[in-house]
Amino acid sequence: MYTELNSILNTSPDSFTQGEFILLSDRRSDASFLIHHYLSLYLRARCKVLFLGLVQSFNHYSAISQRLGLSLSQAKEKGQLVFLEGLNESLSVLIPQENISETQALDFLRDPSVGLKSLYEFVRSSVRVPGVGAQGEGGSVEEWGPPVLLVDDLSVLLSLGASVGAVLDFSHYCRATVCSQLKGNVVMLSRCDGEEEEDEGEDEGSERLLKGLTHQCSLTLHVQGLPTGYCRDIHGQVEVCWRRRNSDGQNTQKKLFQYKVHDKGASFFAPGTSSAVL
């Protein structure tokens, strides 16, 4: 969890907006460090977290979370964290084995035309389970807060054969269930390849997916490389965009920050104010 980012977003484990759909995206950079931030934030906020790890393994996230002072293994044992390891699930669908059980969440891999209904049903059933975990100290039963859905790279579903329409339908139903009905939060990462100017003309799937997701979300954090190229002390820039609906329509506010990722955190600062350039 990055305290400087919490300050920018005016949030903390003790105080965060419920019912938000947060979109993380990147271009010529890597926004996955923001997934680690939100995973840490919501676990510290004692939310019930469902993590669809479509790209990285549980061990990957566990190792990084340990550096941030969290144990994902303990969170799983307590029932606070449910982790779907997409790599293993994909193998169990494509190469069935008797000693490996599958959840059916990724059965679209057998026939992409069926869409992502099974994956949504997995999400719906997981977040609707009462937020009660294992017994804590003294025999008391731990209770968790509102549900949170994390997806580490939604755009990978396109590479696996799902259509843009199916992925957008999936995100819409997840938002309706988690955000609207259960007053929880959804955080999804979606990646774009290439240059924006080039992709707009080609109307590639990842670009159309990002545009569709942008219309659904209330907060966007878009990570890009520096326009001036590589810099050892500044890893890139992130544009934060708040979208709030009011009586006059939709109010949009944008702010741009530069950042540097450290071993145990990240620093955020206004463009040109890094100590490396002063």
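Just so you know, all these numbers are worked out from the coordinates, no wet-lab data involved. These figures come from a predicted structure and were not determined experimentally. Neighbour counts are summed over all protein chains in view; Cβ atoms, including those assigned to glycine, are modelled from backbone coordinates with ideal geometry.
Computed values, structure above
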item	result
Given charges at Cβ of Lys, Arg, Asp, Glu: the range 1-62 dipole, positive-most of Leu9, Leu52, Tyr38	Leu52
Relative contact order, percent, the range 26-101 [alpha-carbon distance under 8 Å, six or more residues apart]	33 percent
Leu149, Leu256 arranged by Cβ crowding within 10 Å, fewest neighbours leading	Leu256, Leu149
Sorted by Cβ neighbour density within 10 Å, fewest at the top, the residues Ser15, Ser73, Ser92	Ser15, Ser73, Ser92
Per-residue Cβ neighbour rank within 10 angstrom, fewest leading, Arg28, Arg67, Arg232	Arg232, Arg67, Arg28
Cross-link pairs Lys183/Lys260; Lys211/Lys255; Lys117/Lys264; Lys117/Lys254; Lys76/Lys254 - those with Cα-Cα distance over 27 Å	Lys183/Lys260; Lys117/Lys264; Lys117/Lys254; Lys76/Lys254
